[in-house]
């Protein structure tokens with residue numbers, strides 16, 4: 001008896017390189033996965049999302065003039081499954097992607113069949129971490145330093161706020177992204193400062209900027 005055919009699915013691709021989008025359309029199309037739309041950035045994605053009706057969105061973290069983490073957060077808030085497909089293979093980017101709401105992570109140095117597998121796994125309701133990404137996490141855990149231990153004290157949302165602070169976002173910027181009040185953002189700052197044993201906002205900003213640089 002032949003194996004049951006995979007359930008058809010609709011995937012939306014977000015990457016600022018047209019050649020990458022074309023390549024993904026070819027690879028996924030050969031596996032019966034429909035590309036229902038594509039975009040170079042977050043604003044365009046959110047504008048056409050409702051009409052595209054994707055089952056899952058594949059997102060690059062490094063978009064032109066944008067950070068893919070913000071888009072992941074928006075999609076997660078809309079209950080749209082997200083799979084990251086990125087050149088970044090360091091543990092910090094991987095953790096940030098999952099903290100923002102991604103359900104899977106595949107690096108761009110892996111074979112197309114890994115991305116296909118990841119799509120199927122995420123759509124089945126399971127988290128997926130590719131072999132290269134998992135290796136990065138394991139190596140980071142094996143060589144953990146004190147700052148990594150401290151970051152482990154933060155919740156997913158606190159890690160996200162810390163990442164945005166490191167990018168230079170203001171409290172008002174973060175409030176808009178999370179659809180919360182600036183006062184609530186300030187409460188996040190307070191919790192992060194307490195958990196990381198920092199002296200105040202100035203030291204929080206320095207710490208966040210340093211972590212952001214280490215991730216590049």
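The values are calculated or read from the model by the stated rules, or taken from the named source; none is laboratory data. Remember, predicted model here, so these are calculated numbers, not experimental data. When we count neighbours, we look across all protein chains shown, and the Cβ atoms used for this are built from the backbone with ideal geometry, even at glycine.
Under the condition of being without any contact (Cβ under 8 Å) to a residue 60 or more places away in the chain, under 24 Å from the mean Cα position of the chain (by Cα) and part of a helix (DSSP H, G or I), the residues counted in the stretch 194-216 number 11. Just to be sure, is residue 101 at pLDDT 90 or above and under 26 Å from residue 213 (Cβ atoms)? Answer is yes for this residue. Would you confirm, using the coordinates I've provided, whether residue 69 is free of Cβ contacts under 8 Å to residues at least 12 places away in the same chain and either in contact with a strand residue (DSSP E or B) (Cβ under 6 Å, 6 or more places away or on another chain) or not in a loop (DSSP other than H, G, I, E, B) (or both)? Judged against the criteria, residue 69 is not a match. The residues of the stretch 145-157 that are modelled with pLDDT under 80 and either assigned to a helix (DSSP H, G or I) or under 29 Å from residue 117 (Cβ atoms) (or both), listed by number, are 146, 147, 148, 149, 150, 151, 152, 156.
I'd like to know if the stretch 14-29 contains one or more residues that are over 23 Å from residue 95 (Cα atoms), at pLDDT below 95 and not in a helix (DSSP H, G or I). Checked against the condition, which is being over 23 Å from residue 95 (Cα atoms), at pLDDT below 95 and not in a helix (DSSP H, G or I), the stretch 14-29 yields at least one hit. Among the conditions (1) at positive phi; (2) at pLDDT below 90; (3) in contact with a strand residue (DSSP E or B) (Cβ under 7 Å, 6 or more places away or on another chain), residue 8 misses just one, which is (1).
All conditions but one from (1) modelled with pLDDT of 90 or more; (2) touching a helix residue (DSSP H, G or I) at 6+ places or on another chain (Cβ under 6 Å); (3) closer than 23 Å to residue 214 by Cα apply to residue 168; the one that does not is (2). Residues in the stretch 120-133 that are touching a helix residue (DSSP H, G or I) at 6+ places or on another chain (Cβ under 8 Å) and either crowded, with 17+ Cβ neighbours inside 10 Å or within 18 Å of residue 24 (Cβ to Cβ) (or both): 128, 129, 130, 133. Taking the criterion of being closer than 16 Å to residue 159 by Cβ and out of contact with any strand residue (DSSP E or B) (no Cβ under 7 Å at 6 or more places or on another chain), the residues of the stretch 72-92 that qualify are 73, 88, 90, 91, 92.
Within the stretch 42-53, at least one residue is under 18 Å from residue 10 (Cα atoms) and not in a helix (DSSP H, G or I). The residues in the stretch 81-119 that are crowded, with 24+ Cβ neighbours inside 10 Å and part of a loop (DSSP other than H, G, I, E, B) can be counted, and the count is 1.
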